[in-house]
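First up is the structure itself, then whatever we jot down about it.
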């Protein structure tokens, strides 16, 4: 589940009796006490389950070796130190076995091109945590453009979304005494100039939305107290959030206030001379860039304006003044096709770089604007795989992108957007031997006739005999695309040991643009589950695997996916890995950030919405009479986005019903499940020990 999306330049019926019982008032839920995140009773319950799970999984003959390999991979110096460009320097945040919490460091552009750059430390997070006695996890830094002299550094306790913010002097490499600082909260913040920032935080009673995000935007001037900051906007408590930011166009700028009325609906305002003027475009559209006075807008639905219709999924541009006046010409920079959609939009100097997904593989397009209008040119990629724009600056035509595939280790390219050239400057070595392995893209027809693509990564010596241990992964929500990517842990722990790895591009994701996402929203959520089930059935029909050897994995919204699917079709699977999941959809909107996702799932308090949610909500539909596979649930105490009670309560209910389940709760780690690389190595070793135990009992230590 992604957090609230931020602008790219600023760093998400018929009811059974059992269902009716569970739709009654919340106090009738016998496991409500597990929603008390850090109560001694709940933590004791979690630790007791942890002990049982660790005893079983750590005893598996492959656990120790996989754990050791994971530590070597995650702490390896051979990983690419991904760049972030600022004022002639390359910045990077780096963690390894010596620097468990991490180093924020920098080097010159020239040095960065070398095999072993000369790094200088900016912030040593391990040192800072030791000095302050805090379990700090890096939350990023927002540095003041265009001078890059001061930064607002975010620090999280144990990996939570809630952060502490402190001002940092980038030249002197120290925190600023009496500088801007915010206490722990789910804050939003951004520079206006050297002596003022936009800020939204917990200002006290009713200053947050029902989703737990700021609803009030203020301008905080240096030297003033936070209590005296100037309020420039107040949203509604029922909104998701509100934020303010300075949108730069070279050295020109515009102050913007954005009101997120839902997860997918926004009202944008231009703040000028203390007055707010609303931009005129659809509420589900997003501003994704600004260049030469032209605002770039990504459309999530058709936009009818005068006699023109601009198609859903298009990228359009118009003068910023015209957006306020509601007139002016609109240029179409990109129109989607049946297979092609925009994955990301970035500005690199005088150009716009589009990362386009075409049949779930990447294409890079560079857009230039001159007197004759916009022109578009492709930038070459090594082959069919996934590209990602890693770093770009508003005033530099140079940018960096990465390229990878399921069996292709990541490579980093330095590119010039003006002349369209790129050079590979870094590559990660292979962590597993992919010789003899192969990737195939297949398709299956879902329940309603829609064709669903999926990738199959086959190990060496693969034979379609129905006996291959197979792991099927999916997400299917929030317009997040699942593209080909290299995972050294999947490769060493699974593929190299004879496992098949499958990624399903089901509806709810963004692989084919906004319509692919919107087709599985709210009352149509079951479509995502039908798609996933169809892929599982197709794997069995093709004799790639069979139910005895088929497992599924998903996290967050993907945890809801695998939770719903194993409850609906337990006959298809012999293993389920359900991590940091949503599961109690009767109360999800009352837990932490859950209210922000009503636009995705619907409102359980609305009887019409609950009628369809209740049909798939795993916590309400799990049955003592069903024959489920053993499920492995994983969550984190410090996850303040998806409440750990989802997994806790599901496990407690299933245990009470007599089902065999495994449960592990990392006592820190946030929504990612781990606060450092060592915890990640352990988590993944536990998961693959479980999968081999369930699906690949013949695997031995090798």
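The values are calculated or read from the model by the stated rules, or taken from the named source; none is laboratory data. The structure presented is a predicted model; accordingly, all values stated were derived computationally and were not measured. Note: ideal-geometry Cβ built from the backbone for every residue, glycine included; neighbour counts use all protein chains shown.
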Condition met for residue 101 (in a loop (DSSP other than H, G, I, E, B), closer than 26 Å to residue 83 by Cβ and touching a strand residue (DSSP E or B) at 6+ places or on another chain (Cβ under 7 Å)): yes
Among the numbered conditions (1) crowded, with 21+ Cβ neighbours inside 10 Å; (2) under 23 Å from the mean Cα position of the chain (by Cα), tell me where residue 262 comes up short. (1)
Test for residue 145: is it part of a loop (DSSP other than H, G, I, E, B) and either surrounded by fewer than 14 Cβ atoms within 10 Å (Cβ to Cβ) or not assigned by TED's automatic domain parsing to the domain that holds residue 592 (or both): yes
Report yes if some residue within the range 366-380 is buried (at least 17 other Cβ atoms within 10 Å of the Cβ) and outside any strand (DSSP E or B); otherwise report no. no
For the range 215-259, give me each residue that is under 17 Å from residue 202 (Cβ atoms) and in a strand (DSSP E or B). 216, 217, 218, 220, 231, 233, 234, 241, 242, 243, 244
Given the condition surrounded by fewer than 24 Cβ atoms within 10 Å (Cβ to Cβ), under 30 Å from residue 693 (Cα atoms) and under 21 Å from the mean Cα position of the chain (by Cα), answer yes or no: does some residue in the range 539-553 qualify? yes
State which residue pairs qualify: first residue within 17 Å of residue 170 (Cβ to Cβ) and inside the range 101-117, second residue loosely packed, with under 14 Cβ neighbours inside 10 Å and modelled with pLDDT under 95 in any location, beta carbons under 9 Å apart, and separation of 6 or more residues or different chains. 108/88; 109/88
Single residue of 341, 362 found to be touching a helix residue (DSSP H, G or I) at 6+ places or on another chain (Cβ under 8 Å), on the phi < 0 side of the Ramachandran plot and in a strand (DSSP E or B): 341
Criterion first (in contact with a strand residue (DSSP E or B) (Cβ under 8 Å, 6 or more places away or on another chain), at positive phi and not in a strand (DSSP E or B)) does residue 449 satisfy it? no
In the set 247, 271, the lone residue that is at pLDDT 95 or above, more than 25 Å from the chain's Cα centre (by Cα) and under 22 Å from residue 194 (Cα atoms) is 271
For the range 167-179, does any single residue satisfy the condition of being within 23 Å of residue 234 (Cβ to Cβ) and either outside the structural domain of residue 644 (by TED's automatic domain parsing) or touching a strand residue (DSSP E or B) at 6+ places or on another chain (Cβ under 8 Å) (or both)? no
The condition from (1) surrounded by 18 or more Cβ atoms within 10 Å (Cβ to Cβ); (2) within 24 Å of the chain's Cα centre (by Cα) that residue 446 misses is numbered (2)
Restricting attention to helices (runs of 4 or more DSSP H) lying wholly within the range 566-672, give those where 3 or more residues are under 22 Å from residue 51 (Cβ atoms) and in contact with a strand residue (DSSP E or B) (Cβ under 7 Å, 6 or more places away or on another chain). 645-656
So residue 65 ticks every box in (1) at pLDDT 95 or above; (2) touching a helix residue (DSSP H, G or I) at 6+ places or on another chain (Cβ under 8 Å); (3) at negative phi but one. Which box is left unticked? (2)
